[in-house]
Amino acid sequence: MVSVTQRIKDIKQPRGGYLPIKKFSHIQLSTENELNLDESISPSLIGIAVDYLTRFMIGEPIEEAFRISLNGASRLNNNELKKAKGLLNNIQGLDKMSIVSASQLAGYDTVRRAGPRTYKPVELIIPDDPTIENVQKMVKRSLNFIETYGPIVLSGFSIDSASRTKLITSGDGDFLTEDALWDFKVSKNRPTKDHTLQLLIYYLMVKRSSQYKKHFDTLKYLGIYNPRLQSVYKILISDIPPEIIETVEKEVIGY
């Protein structure tokens, strides 16, 4: 299996990227309740925890919100799956135990996305108090973002058999509102050309899917939201040059 992110690593993009971030409009949201500077776990794990906890807090069933984590655990062995389900049962909201459990569950995602060889024992994932506070704040920021730009009509959607190719066989999008496809990032820096290409690939692939196509017919924007920086980046799909879409479809995705 080749995921969207794995495929992007093999692509040499033109200077600035296929879809330069400078083409996006930037909206800076309020940054009250500043985040702690130091964190004890990786930004990627924090991003997954913030993403899945946000889905849970807006009412998505917890098994669905953490679906990829559970799938990763199931690919290891029954003991790890049992451990993952125990962590899932600990998640009730944004209390300390919930965030520690969500962060450890996030450690199983790599198995689903990149294979069992990338797995490291999740009990080694120990978010300290400043990290826990940051996750709490970023989930609350994400909920405020959804209240302003939402509602969410679809979350956690995957590339299916109708849209995958020989070059890309898997990928999971974040959130869809009525008029925009959103990708959540918690990087300390503005989005990169890899991030914008990832977003464009999700759009081009999932809109071909048999299951989700109807949701993509009405989209007007592609967007990235970063709850760490409280930054919103948006671009009109109609402003993306047709030749860029054609190139990405053929040379990157393989249509």
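Every read-out reported here was derived from the displayed coordinates using simple, explicitly stated rules and does not represent laboratory data. Note that the structure is a prediction, hence the values are computed from the model and not measured. Glycine gets a Cβ as well: all are built from the backbone with ideal geometry, and neighbour counts include every protein chain shown.
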> How many nm separate the modelled label positions at Gln6 and Asn71, each set 7 Å beyond the Cα in the direction of the Cβ?
Replying inline: 1.3 nm
> Once you list every other residue whose beta carbon is under 14 Å from the beta carbon of Thr31, what net charge do they have if Lys and Arg are +1 and Asp and Glu are -1?
Replying inline: +3
> Mind checking which aspartates and glutamates have their C-alpha under 12 Å from Lys140, skipping anything on the same chain fewer than 8 residues away?
Replying inline: Glu32, Asp51
> When DSSP assigns beta bridges and you keep just the ones with both residues in the chain, what percent turn out antiparallel, to the nearest 5?
Replying inline: 70 percent
> Between Leu29 and Asp128, what is the FRET efficiency for a Förster distance of 25 Å, r being their Cβ-Cβ separation, to the nearest 0.05?
Replying inline: 0.40
> Cα axis of helix 129-149 to longest principal axis of the chain: angle in degrees, 0 to 90, nearest 10?
Replying inline: 40 degrees
> For the cross-link pairs Lys22/Lys188; Lys83/Lys137; Lys85/Lys213, which exceed 29 Å when the distance is taken from alpha carbon to alpha carbon?
Replying inline: Lys85/Lys213
> If you take the beta carbon distance between Ile244 and Ser187 as r and set R0 to 22 Å, what does 1/(1 + (r/R0)^6) give as a FRET efficiency, to the nearest 0.05?
Replying inline: 0.40
>> I want to check the label-to-label distance for Lys120 and Arg15. Put each point 7 Å from Cα in the C-beta direction and report it in nm to one decimal.
In response: 3.7 nm
> Over the alpha carbons of the range 41-127, what is the largest minus smallest coordinate on each principal axis, giving the biggest first in Å?
Replying inline: 32, 24, 19
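With the cut-off at 20 Å, tell me which of the pairs Lys120/Lys193; Lys193/Lys234; Lys9/Lys193; Lys9/Lys185 have Cα atoms farther apart than that.
Flagged as over cut-off: Lys120/Lys193.
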> Roughly what percent of Cα-Cα pairs across the range 114-186 reach past 15 Å?
Replying inline: 71 percent
>> Angle check, please: helix 43-57 long axis (alpha carbons) against the longest principal axis of the chain (alpha carbons), in degrees 0 to 90, nearest 10.
In response: 90 degrees
>> If I fit a long axis through the Cα atoms of helix 96-106 and take the longest principal axis of the Cα atoms of the chain, what angle between them do I get, 0 to 90°, rounded to 10?
In response: 50 degrees
> Kirkwood Rh, Cα Rg: Rg to Rh for the chain?
Replying inline: 0.95
> Just Pro43, Pro191, Pro227 to compare: in a GNM of the chain, with alpha carbon springs under 10 Å, which one fluctuates most?
Replying inline: Pro43
> Which whole-angstrom value gives the distance between the alpha carbon centres of the range 63-124 and the range 167-218?
Replying inline: 23 Å
>> With +1 on the Cβ of every Lys and Arg and -1 on the Cβ of every Asp and Glu, and nothing else charged, how large is the dipole of the chain about its Cα centre, in debye rounded to the nearest 20?
In response: 760 debye
> How do His26, His215 line up, fewest other C-beta atoms within 10 Å first?
Replying inline: His26, His215
> Among Glu243, Glu63, Glu133, which one shows the biggest mean-square fluctuation in a GNM of the chain, springs joining Cα atoms closer than 10 Å?
Replying inline: Glu243
